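Undergrad: Before I ask anything, here is the structure I am working with.
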Amino acid sequence: MAADSDLARLTLHEARDRVTAGEVTSAELTEACVARIEEVEGSVHAFAHRTTDEALAQAAARDAARPDPLPPLWGLPIAVKDNICTQGLPTTCGSKLLANFRPVYDSFVARRLEEAGAVILGKANMDEFAMGSSCENSALGPTHNPHDLERVPGGSSGGSAAAVAADECLAALGSDTGGSIRQPACFCGVVGLKPTYGRVSRNGLVAFASSLDQIGPLTKDARDAALLLGVIAGHDPDDSTSACQPVPNYEAALEAEVAGLTIGIPKEYFGGGLDPAVEEAVRAAIATYESLGATTVEVSLPHTEQAVATYYLVATAEASSNLGRFDGIRYGVRQEGKDLLDVYKRTREEGFGAEVKRRIMLGTFALSAGYYDAYYGKAMAVRTLIRNDFDAAFGQCDLLLTPTAPTPPFRLGEKLDDPLTMYLSDIFTIAVSLAGLPAVSFPTGTTAAGLPLGAQLIGRHFDEARLLAMVHAFEATGQGRPLPAL
Amino acid sequence: MEYETVIGLEVHTQLKTKSKIFCGCSTTFGAPPNSHTCPVCLGMPGVLPVLNREVVTCAIKLGLATRCTVNRSSRWARKNYFYPDLPKAYQISQYEAPICEHGYVEADLESGETRRIGLTRIHMEEDAGKNVHGAADDDHSYVDLNRAGVPLLEIVSEPDIRSSEEATAYLKRLRSIVRYLGISDGNMEEGSFRCDANVSIRPMGSDTFGTRAEVKNLNSFRHVAHAIDYEARRQARLLAQGKEVVQETRLWNTAEGKTYSMRSKEEAHDYRYFPDPDLVPLEISEQWIEAVRATLPELPADKEQRFVVEYGLPPQDAATLVASHHLADYFETVAGAVKEAKRAANWVLGELLAVLNKLGISVEESPVEAAALAALIRLIEEETISGKIAKSVFEKMVATGKAPAAIVEEEGLVQVADPEALRPIIQQVFDDNPTQLAQYQAGKTKLMGFFVGQTMRATGGKANPALVNKLLREMLPEPTAPADGG
Ligand SMILES: [Zn+2]
């Protein structure tokens, strides 16, 4: 059957409506995405692993079953980041060390996707163990930005963002530790939501920094994000840090009014180093919201400057411990050695890429006897100050609007040899993660050269519904996602 | 110079909860390798720990039983190190904020003196697995993770112990307590009760501590005592030679009766402890503590005190009886069914323990039940049999499991307590021993014992000894000379 590649361009909710109405089958949607993958994947490389056969079989099964009422994602093909465990499917975290790894269990979100009837098209490429901002740190090779193949898609969920932007899937799941959903969403011109810490279970998400990691949706519009978040959010007794907060109907909440809301504009987010095109787009978004009846107020987040340093101590400390288990003893790729120590050294030397090693060393140092108080201890103290900054700001406003990334997508290789500059590309997303707040990046147009631009909305804890309603209102003014010329 | 030995003990006691501390796997000992494992205790990527609250209840029990402060809020920490039996490359433990602090244990010494040993802390942690090395023709090493994640309590004493005798007394009392509470088997040989000793010496009268050595691999109370004595001698010898004691970890070698250096302070692990971000701080309500307090059984020290007061036992006998609550219960069952508790204690501590020791079994496995022993003692009290006959009846009870009355009946052992039956027998003894009779009459009254013995023998031991004495005094001729006492 010839696939109708237009079907791959549908949003998740459009496809859902058509499947519900019986106008289109899961097989047709899945085949359309597979066809689109065949068409563009050679140049984009959004997938670490394609699971086409499994996906087609799953789609056929969905079409055969059709329970009543139809679960929310019935038959809809989506991509899942390669650090989210999917039973029997590769889950390699973009690492050579896990090249042969197939989990024996499903993550919480994979189970939720299955219950909702989704079809998993494949595992999206990523920076190794989610460490990176460009998707260049993948053992499987870099992903390219669908809007400009010479440029990075952002990271670490670059594969998820690129796959959605290039219509290789209807939506994707990513994970965000310091901006890993929001920054690639911004670079690829899609919507990317990092939920409140604890909103989505981390059970089955291969841990990078446990106190920061959150799974979230990357989608073509706000309604899709609402739909997907509604499926994956909720309490999980198997994750002690999962919140017991009830899950609202995010889709129903999309129509909430913008008028009357107060948007805080943190002055520290508009200093030097901000690309003029980015700033102009954010200012335009502010103007749009004002035209919709919102008022804006300048607020201050005084510890913004310390956020990057704090983040790189907390996240690397946790990572140095979390990645200890990759020792080649029970799973993964083991390198043989002359004794136990040699096995450890060779397995990790061969298995991990340079950025992962850099962060393990940094984190190990931060936790070492004699340095703990000065580094990890101090970072935890500053983390509290950063949280307090946001609490104070939310005393003056309902949400915050900032740039997502300081620049438009940069060129492949441009920052690869300069980790510090690379770390600064997450400068606007990191503090939010340290505070555990929800934030969404949404497209706000393009540069003159057609590169996507985006802005970030930050909400109070568990205020995802309001964030999505804001993005939905913005989209309703006719400013949707930019389409790549692929 | 005369030195004082200063000892602090770290005890790890394995808890008898049904499931492991952070997953649902069974804790049963002796299953085929790796059959009691799941993704969580195998340390698979992405898994998360979920606390088994039963472990907390056990820790509260021990904390209350040792007069500790039970902290209303405590934290989980990761102790990081690499070893094949440690699947995550970190052990989840408690570091800065343990669940219990500042308690004590009172231990009885041989001298009858009681020593109070302070407890610095009690904390919860998970056990590691086991490395198994192949047989002679197999150069592989294997890892069995059945034990990985089995809950442990670590009990750290203050350096309040001054001799190997005190150390043994402390350990025995601590073991009694965990057994009374039903939280651990407390079996040193099987590894469910493990001990490391910190040993240092200092000049008698000094109040500063010497440099300590930590001694590991102590698998019985005897090894603990021997290792402490050896270590004290070794350190004294070093000081006598003008050398210094170095801070290090030493291993006890049972075969040689010596300790050997395992690693120096410089080689000591830097465990990089930090709060585990996968687990929230443990909050314990007052109600939880009070609910646990209500379930506490009578503890050894209280029981010992009660046995002295209620049954009039000597403190040493009481101490021996309460060492095991099974033995104490056995004694109380017997004592409650007979007239004289002291006699019950003598039988339990004498005949019963001798048999148990000989058979190498515990009181729970005793071939003679408490009710049967009580029945035997009642036969003595009712003067049906003599104490001497009772001992042989007891032996037969052990061998056959029959009731004492049945044995007495079958073997015709009923005591002869009829004066008319005994008189002819005594007369016969006189007739058979004219020489002794003459000597007695001549003043050698010490021969009374001889006539008692002959009469008992003539009745096969069945004569009532008191009655025999009374009748002999009646029937023997009046001595003509004063007692010579010779
Ligand atoms: Zn388990």
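Undergrad: Can you find even one residue in segment B:11-31 that is away from the ligand (no atom under 16 Å from the Cβ), surrounded by fewer than 23 Cβ atoms within 10 Å (Cβ to Cβ) and on the phi > 0 side of the Ramachandran plot?
TA: Among the residues of segment B:11-31, at least one is away from the ligand (no atom under 16 Å from the Cβ), surrounded by fewer than 23 Cβ atoms within 10 Å (Cβ to Cβ) and on the phi > 0 side of the Ramachandran plot, which makes the answer yes.
Undergrad: How many residues does segment B:140-161 contain that are surrounded by 24 or more Cβ atoms within 10 Å (Cβ to Cβ) and within 12 Å of another protein chain (Cβ to nearest Cβ)?
TA: Residues flagged as surrounded by 24 or more Cβ atoms within 10 Å (Cβ to Cβ) and within 12 Å of another protein chain (Cβ to nearest Cβ) within segment B:140-161 amount to 2.
Undergrad: If you don't mind, there's one more thing I want to ask. Just give me the residues in segment B:47-73 being surrounded by 22 or more Cβ atoms within 10 Å (Cβ to Cβ), more than 18 Å from B:Ala128 (Cα to Cα) and of a type outside the set (A, V, I, L, M, F, W, C), in sequence order.
TA: Once the filter is applied, which keeps residues that are surrounded by 22 or more Cβ atoms within 10 Å (Cβ to Cβ), more than 18 Å from B:Ala128 (Cα to Cα) and of a type outside the set (A, V, I, L, M, F, W, C), segment B:47-73 yields B:Lys61, B:Gly63, B:Thr66.
Undergrad: What is the residue count in segment A:19-34 for residues that are surrounded by fewer than 17 Cβ atoms within 10 Å (Cβ to Cβ) and not in a loop (DSSP other than H, G, I, E, B)?
TA: First pass over segment A:19-34, keeping only residues surrounded by fewer than 17 Cβ atoms within 10 Å (Cβ to Cβ): A:20-23.
Going one step further and asking which of them are not in a loop (DSSP other than H, G, I, E, B), we end up with A:20.
Within segment A:19-34, residues that are surrounded by fewer than 17 Cβ atoms within 10 Å (Cβ to Cβ) and not in a loop (DSSP other than H, G, I, E, B) number 1.
Undergrad: Which of the residues spanning segment A:334-367 are under 30 Å from B:Asp139 (Cα atoms) and either within 11 Å of chain B (Cβ to nearest Cβ) or in contact (Cβ under 8 Å) with a residue 24 or more places away in the chain (or both)? Spell out the reasoning first.
TA: As a first pass, look at segment A:334-367 and keep what is under 30 Å from B:Asp139 (Cα atoms): A:334-352.
Matches in segment A:334-367: A:Asp339, A:Leu340, A:Leu341, A:Val343, A:Tyr344, A:Lys345, A:Thr347, A:Arg348, A:Glu350, A:Gly351, A:Phe352.
Undergrad: Please state which of the following conditions B:Arg293 fails to meet, knowing it meets all the rest: (1) surrounded by 13 or more Cβ atoms within 10 Å (Cβ to Cβ); (2) in a helix (DSSP H, G or I); (3) within 22 Å of the chain's Cα centre (by Cα).
TA: That leaves (3) as the condition not met.
Undergrad: Within segment A:421-430, does at least one residue satisfy the condition of being more than 14 Å from chain B (Cβ to nearest Cβ) and either over 21 Å from A:Met126 (Cβ atoms) or of a type in the set (Lys, Arg) (or both)?
TA: In the first step, residues of segment A:421-430 are kept if they are more than 14 Å from chain B (Cβ to nearest Cβ); the result is A:421-430.
From the residues that got through so far, the ones that are either over 21 Å from A:Met126 (Cβ atoms) or of a type in the set (Lys, Arg) (or both) too are none.
No.
Undergrad: Would you please name the residue that is surrounded by the fewest Cβ atoms within 10 Å (Cβ to Cβ), looking only at residues in segment A:389-414 that are in contact with a helix residue (DSSP H, G or I) (Cβ under 9 Å, 6 or more places away or on another chain) and farther than 21 Å from A:Gly271 by Cα? Quick ask: steps written out before the conclusion?
TA: Going residue by residue through segment A:389-414, those that are in contact with a helix residue (DSSP H, G or I) (Cβ under 9 Å, 6 or more places away or on another chain) are A:389-391, A:398-410, A:414.
Going one step further and asking which of them are farther than 21 Å from A:Gly271 by Cα, we end up with A:391, A:398, A:414.
Details: A:Asp391: 13, A:Asp398: 17, A:Glu414: 17.
So, considering only residues that are in contact with a helix residue (DSSP H, G or I) (Cβ under 9 Å, 6 or more places away or on another chain) and farther than 21 Å from A:Gly271 by Cα, the one surrounded by the fewest Cβ atoms within 10 Å (Cβ to Cβ) is A:Asp391.
Undergrad: Please go through segment A:140-159 and give me each residue that is part of a loop (DSSP other than H, G, I, E, B) and either buried (at least 24 other Cβ atoms within 10 Å of the Cβ) or touching a helix residue (DSSP H, G or I) at 6+ places or on another chain (Cβ under 6 Å) (or both), ordered by number. Before you say what the answer is, go through the steps one by one.
TA: Kept after step one, since they are part of a loop (DSSP other than H, G, I, E, B), are these residues of segment A:140-159: A:140-144, A:146-147, A:149-150, A:152-157.
Hits for segment A:140-159 are A:Thr143, A:His144, A:Pro146, A:His147, A:Leu149, A:Val152, A:Pro153, A:Gly154, A:Gly155, A:Ser156, A:Ser157.
Undergrad: Within segment A:368-486, considering only strands (runs of 3 or more DSSP E) that don't extend past its boundaries, which have at least 3 residues that are in contact (Cβ under 8 Å) with a residue 24 or more places away in the chain and of a type in the set (Ser, Thr, Tyr)? Lay out the reasoning, then the answer.
TA: Working: elements: A:399-403, A:439-446, A:452-458.
So the answer is A:439-446.
Undergrad: Still on this structure, I have one more. Quick one: A:Tyr331 ticks every box in (1) touching a residue at least 60 places away in the same chain (Cβ under 8 Å); (2) outside any helix (DSSP H, G or I); (3) more than 10 Å from every other protein chain (Cβ to nearest Cβ) except a single one, so which number is it?
TA: (3)
Undergrad: Which strands (runs of 3 or more DSSP E) does segment B:73-170 wholly contain that include 2 or more residues that are in the same structural domain as B:Thr57 (by TED's automatic domain parsing), under 30 Å from B:Arg233 (Cα atoms) and touching a residue at least 24 places away in the same chain (Cβ under 8 Å)?
TA: Numbers: elements: B:77-80, B:90-93, B:100-108, B:114-126, B:130-133, B:141-144, B:151-157.
Output list reads B:100-108, B:114-126, B:151-157.
Undergrad: Okay, moving on. Here is a check on your reading of the model: is B:Ser362 within 15 Å of the chain's Cα centre (by Cα), modelled with pLDDT under 90 and not aliphatic (A, V, I, L, M)?
TA: Yes.
The rows are residues; the columns are (1) in a helix (DSSP H, G or I); (2) within 28 Å of B:Phe307 (Cβ to Cβ).
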{"site": "B:Val348", "(1), (2)": "yes, yes"}
{"site": "B:Asn357", "(1), (2)": "yes, yes"}
{"site": "B:Val368", "(1), (2)": "no, yes"}
{"site": "B:Ala375", "(1), (2)": "yes, yes"}
{"site": "B:Arg378", "(1), (2)": "yes, yes"}
{"site": "B:Val408", "(1), (2)": "yes, no"}
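Undergrad: Pairs, please: C-beta under 9 Å, at least 6 apart or cross-chain, first residue within 30 Å of B:Gly46 (Cβ to Cβ) and in contact (Cβ under 8 Å) with a residue 60 or more places away in the chain and in segment B:8-26, second near the ligand (Cβ under 10 Å from one of its atoms) and outside any loop (DSSP other than H, G, I, E, B)?
TA: B:Lys20/B:Ser26; B:Cys25/B:Ser19
Undergrad: Something else: Listed residues B:Thr400, B:Thr445, B:Thr435; which is in the same structural domain as B:Gly350 (by TED's automatic domain parsing), among the β-branched types (Val, Ile, Thr) and out of contact with any Lys or Arg (no Cβ under 6 Å at 6 or more places or on another chain)? Don't jump to the end; show me each part of the working.
TA: On the way: B:Thr445 fails: in the same structural domain as B:Gly350 (by TED's automatic domain parsing); B:Thr435 fails: in the same structural domain as B:Gly350 (by TED's automatic domain parsing).
Within the list B:Thr400, B:Thr445, B:Thr435, the selection yields B:Thr400.
Undergrad: If I ask for residues that are within 14 Å of chain A (Cβ to nearest Cβ), more than 30 Å from A:Lys81 (Cα to Cα) and within 13 Å of the ligand (Cβ to nearest atom), which ones from segment B:32-44 would you list? Give the steps one after another, and end with the answer.
TA: Narrowing segment B:32-44 to residues within 14 Å of chain A (Cβ to nearest Cβ): B:33-34, B:37-44.
Narrowing further to those that are more than 30 Å from A:Lys81 (Cα to Cα): B:33-34.
The one that is within 14 Å of chain A (Cβ to nearest Cβ), more than 30 Å from A:Lys81 (Cα to Cα) and within 13 Å of the ligand (Cβ to nearest atom): B:Asn34.
Undergrad: Identify all residues within segment A:321-339 that are surrounded by fewer than 24 Cβ atoms within 10 Å (Cβ to Cβ) and at negative phi; write none if there are none.
TA: If the condition is that a residue be surrounded by fewer than 24 Cβ atoms within 10 Å (Cβ to Cβ) and at negative phi, then A:Gly324, A:Arg325, A:Ile329, A:Arg330, A:Tyr331, A:Val333, A:Arg334, A:Gln335, A:Glu336, A:Gly337, A:Lys338, A:Asp339 are the ones that fit.
Undergrad: B:Asp276 passes all but one of (1) modelled with pLDDT of 90 or more; (2) surrounded by 21 or more Cβ atoms within 10 Å (Cβ to Cβ); (3) not assigned by TED's automatic domain parsing to the domain that holds B:Val178; which number fails?
TA: So the condition that B:Asp276 fails would be (3).
Undergrad: So which of A:Leu98, A:Leu76 is within 14 Å of another protein chain (Cβ to nearest Cβ) and buried (at least 24 other Cβ atoms within 10 Å of the Cβ)? First the steps, then the outcome.
TA: On the way: A:Leu76 fails: within 14 Å of another protein chain (Cβ to nearest Cβ).
On inspection, the qualifying residue turns out to be A:Leu98.
Undergrad: If a residue must be within 19 Å of B:Met448 (Cβ to Cβ) and part of a helix (DSSP H, G or I), how many such residues does segment B:410-433 contain?
TA: Number of matching residues: 11.
Undergrad: Please go through segment B:164-185 and give me each residue that is in contact with a Leu (Cβ under 9 Å, 6 or more places away or on another chain) and over 21 Å from B:Ile7 (Cα atoms), ordered by number. Walk me through it before giving the result.
TA: Within segment B:164-185, the first condition is being in contact with a Leu (Cβ under 9 Å, 6 or more places away or on another chain), and the residues that meet it are B:165-167, B:169-171, B:174, B:176-178, B:180-181, B:183-184.
B:Val178, B:Tyr180, B:Leu181, B:Ile183, B:Ser184, listed by residue number.
Undergrad: Scan segment B:307-335 for residues that are without any contact (Cβ under 8 Å) to a residue 24 or more places away in the chain, outside any helix (DSSP H, G or I) and under 17 Å from B:Glu364 (Cα atoms) and report the count.
TA: Residues in segment B:307-335 being without any contact (Cβ under 8 Å) to a residue 24 or more places away in the chain, outside any helix (DSSP H, G or I) and under 17 Å from B:Glu364 (Cα atoms): 0 in total.
Undergrad: Further question on the same structure: Does A:Thr384 satisfy being modelled with pLDDT of 95 or more, over 22 Å from B:Asn80 (Cα atoms) and within 14 Å of chain B (Cβ to nearest Cβ)? Write out each step before concluding.
TA: Details: modelled with pLDDT of 95 or more: yes; over 22 Å from B:Asn80 (Cα atoms): yes; within 14 Å of chain B (Cβ to nearest Cβ): yes.
Here the answer is yes, as A:Thr384 does meet what is asked.
Undergrad: Could you please find all residues in segment A:276-328 being assigned to a loop (DSSP other than H, G, I, E, B) and more than 14 Å from every other protein chain (Cβ to nearest Cβ)? Explain how you work it out, then say what you get.
TA: Pass one, segment A:276-328, residues assigned to a loop (DSSP other than H, G, I, E, B): A:292-294, A:300-303, A:326-328.
Scanning segment A:276-328 gives A:Leu292, A:Gly293, A:Ala294, A:Ser300, A:Leu301, A:Pro302, A:His303.
Undergrad: Which count do you get for residues in segment B:45-72 that are part of a helix (DSSP H, G or I) and away from chain A (no Cβ under 12 Å)?
TA: Restricting attention to segment B:45-72, the residues satisfying the condition of being part of a helix (DSSP H, G or I) are B:53-65.
Those left that are additionally away from chain A (no Cβ under 12 Å): B:54-65.
Looking only at that region, the number is 12.
Undergrad: Output the residues belonging to segment A:171-220 that are closer than 27 Å to A:Ala476 by Cα and either at pLDDT below 95 or surrounded by fewer than 24 Cβ atoms within 10 Å (Cβ to Cβ) (or both).
TA: Hit for segment A:171-220 is A:Thr196, nothing else.
The values are calculated or read from the model by the stated rules, or taken from the named source; none is laboratory data. In this text, all values refer to a predicted model and were calculated from it rather than measured experimentally. Backbone-built Cβ (ideal geometry, glycine too); neighbour counts: all protein chains shown.
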